[in-house]
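The values are calculated or read from the model by the stated rules, or taken from the named source; none is laboratory data. Bear in mind that the values here come from a model prediction, so they are computed numbers and not experimental data. Here the Cβ is made from the backbone with ideal geometry for all residues, glycine too, and neighbour counts use every protein chain on show. Accessible surface is based on the protein model in full, side chains and every heavy atom, while ligands, DNA and RNA are left aside. Shrake-Rupley method; radii C 1.70, N 1.55, O 1.52, S 1.80 Å.
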Amino acid sequence: MKTKIFSFLAFAGLLATSCSDNPDYPVDSAKDFGQVSLSDLGVDVDDAEIVISRADVETSDYIVKIVNADGEEAYSAPFADCRDAVITLPVADGYTVQVHSHNVENAAWNAPYYYGEKSFDVKKNEITSVGTVNCSFSNIRVSVRYSDELMAMLDGDAAVTVKCSETGSSLTFGQSESRSGYFRALEGSTTLGAEFSGMINGQLYTLTKGLSDVKAGQHRIVTFSVRSGGDIPIEAGNVQLGGEGEGVKLADGLWLVAAVVTEDIHGNVTVGEEGDSSAQRPGKEEDQEPVTPVDPEKPVDPVAGITIQAVAPLDLDKQNPTNLSQYIVRIHADNGIYNLEITISTDSDEFRPALEEMLPTQFDMAHPGALESTLRDDLGFAVGDEVLGHTDVDFVVDPFLISLLAGYPGVHTFTISVTDKEGGVPVVKELIIKA
């Protein structure tokens, strides 16, 4: 039903959930007390890759905690139990309400963790309202891919084990593993290592790609592949784990390499360089080759084989009116689409608050997550299995959404970003609507 995307009231009802004071919190009769109200507690959830609309996020199982300035827990309950809660606490500054999506594990499959906090003070004989807590993606997502060329050379099963040196946790990605792994982010810095092990043309090879300075909110996409040509440049400053280097020489002019793409919580993408040629083939230490430093000024080209084209009378990267007969953008990827990310923005100050309340403003049509129903049923987009791995997909903006944009004078932009399963630099185009 189209009206679902306008259901801000549904979200408000979701937030209106009931609690009582924590009976285990120590009470000192000599202290002054105030109160904190959770009746208006709201949660805005911002994913590293998808901004989840308020009407679609399911927060009832989120954990709400209040801690004092010393980190002592004063209150804890599921979000669903927090309706009309008024909690009595000793007068003090520096309380913090914390919202956790769940108790985060060191490593787990398909377990994105969201966390937010907000500080407040408790004053004598006053009721303090908490308001909205902004939660963001707060652990580390890791995806592993194998190129088609590497898959064709493998003899039997291969696997990539991603390890966290600080927690001693690990997850193993087989050749057919499509899930993402999620790792706890530690204060300071977290180091991960992605270790490939497999038989290639009858020979066992291992290659470890070090992922240094990994932070909460990042998505590290590691792609193992083969490259032909001369020396493979080294990625300066990368950590080498277990004595392994960043690349393996398979034969003259043929290399096993690993590349990393990093997506952060703001949607920024950083492309890591290929692995170097300094790693040694088992039992062939004499094969070690000199390496060539990376030129940091050399630009990285977008992935070949990906095109984003408008269907006439639409024109990409130029302003289009709201009275065209159709708004269709054709996406093609030779190697199959892996990410088809849409970001909706506007220069209208009047429309911007309404846009953020009514529509998901950033989403991945290939990996829709909790937005799948809204994107498919309410907005009419192809999502999930209709996109992931396909070579050709249409992004169609239907008349209902165009009529909504037409009601707000300004420039409204759909930024379309596409990557394939090789994990290279995204190809980006803009569909611009002028109302």
The correct count of residues that are part of a helix (DSSP H, G or I) and touching a residue at least 60 places away in the same chain (Cβ under 8 Å) in segment 404-431 is 2
Do we have residue 401 as farther than 25 Å from residue 146 by Cβ and either among the polar types (S, T, N, Q) or without any contact (Cβ under 8 Å) to a residue 60 or more places away in the chain (or both) here? yes
Sort out which residues of segment 361-402 are among the polar types (S, T, N, Q) and under 20 Å from the mean Cα position of the chain (by Cα), and write them in order of number. 361, 362, 373, 374
Just to confirm my filter: which strands (runs of 3 or more DSSP E) fall fully inside segment 187-281 and include at least 2 residues that are open to solvent by 40 Å² or more (accessible area, probe 1.4 Å), farther than 29 Å from residue 115 by Cα and modelled with pLDDT of 85 or more? 190-200, 203-214
Of all residues being in contact with a Leu (Cβ under 8 Å, 6 or more places away or on another chain) and part of a strand (DSSP E or B) in segment 59-74, which is nearest to residue 96 (Cα to Cα)? Just the residue, please. 66
Being within 26 Å of residue 66 (Cα to Cα) and of a type in the set (D, E, K, R) narrows 215, 209 down to just 215
Any residue at all in segment 163-172 that's of a type in the set (Val, Ile, Thr) and under 30 Å from residue 96 (Cα atoms)? yes
Residues of segment 142-198 being among the hydrophobic types (A, V, I, L, M, F, W, C), closer than 21 Å to residue 256 by Cα and without any contact (Cβ under 8 Å) to a residue 24 or more places away in the chain, in sequence order, are 152
Yes or no: segment 326-339 includes at least one residue that is open to solvent by less than 20 Å² (accessible area, probe 1.4 Å) and among the aromatic types (Phe, Trp, Tyr). yes
Restricting to segment 381-401, name every residue that is touching a Leu at 6+ places or on another chain (Cβ under 8 Å) and either at pLDDT 85 or above or open to solvent by less than 30 Å² (accessible area, probe 1.4 Å) (or both). 381, 383, 387, 393, 395, 397, 401
On the given criteria, is residue 179 in a strand (DSSP E or B) and closer than 27 Å to residue 100 by Cβ? no
Quick test of your reading of the structure: residue 84 fulfils all but one of (1) at pLDDT below 85; (2) within 30 Å of residue 198 (Cα to Cα). Name the failing condition by number. (2)
Would you point out the residue of segment 123-160, among those that are polar (S, T, N, Q) and in a strand (DSSP E or B), that is farthest from residue 221 (Cα to Cα)? 128
Residues in segment 351-380 that are acidic (Asp, Glu) and open to solvent by 50 Å² or more (accessible area, probe 1.4 Å) total 4
Taking segment 89-112, which residues are open to solvent by less than 60 Å² (accessible area, probe 1.4 Å) and not in a loop (DSSP other than H, G, I, E, B)? 89, 90, 92, 94, 95, 96, 97, 98, 99, 100, 107, 108
Considering segment 82-101, residues that are more than 33 Å from the chain's Cα centre (by Cα) and among the β-branched types (Val, Ile, Thr), and then whichever is farthest from residue 68 (Cα to Cα), we arrive at 86
Identify all residues within segment 409-422 that are of a type outside the set (Lys, Arg) and either in contact with a strand residue (DSSP E or B) (Cβ under 6 Å, 6 or more places away or on another chain) or surrounded by 16 or more Cβ atoms within 10 Å (Cβ to Cβ) (or both); write none if there are none. 410, 411, 412, 413, 414, 415, 416, 417, 418, 419, 420, 422
Scanning segment 343-363 residue by residue, the ones that are in contact with a helix residue (DSSP H, G or I) (Cβ under 9 Å, 6 or more places away or on another chain) and not in a helix (DSSP H, G or I) total 8
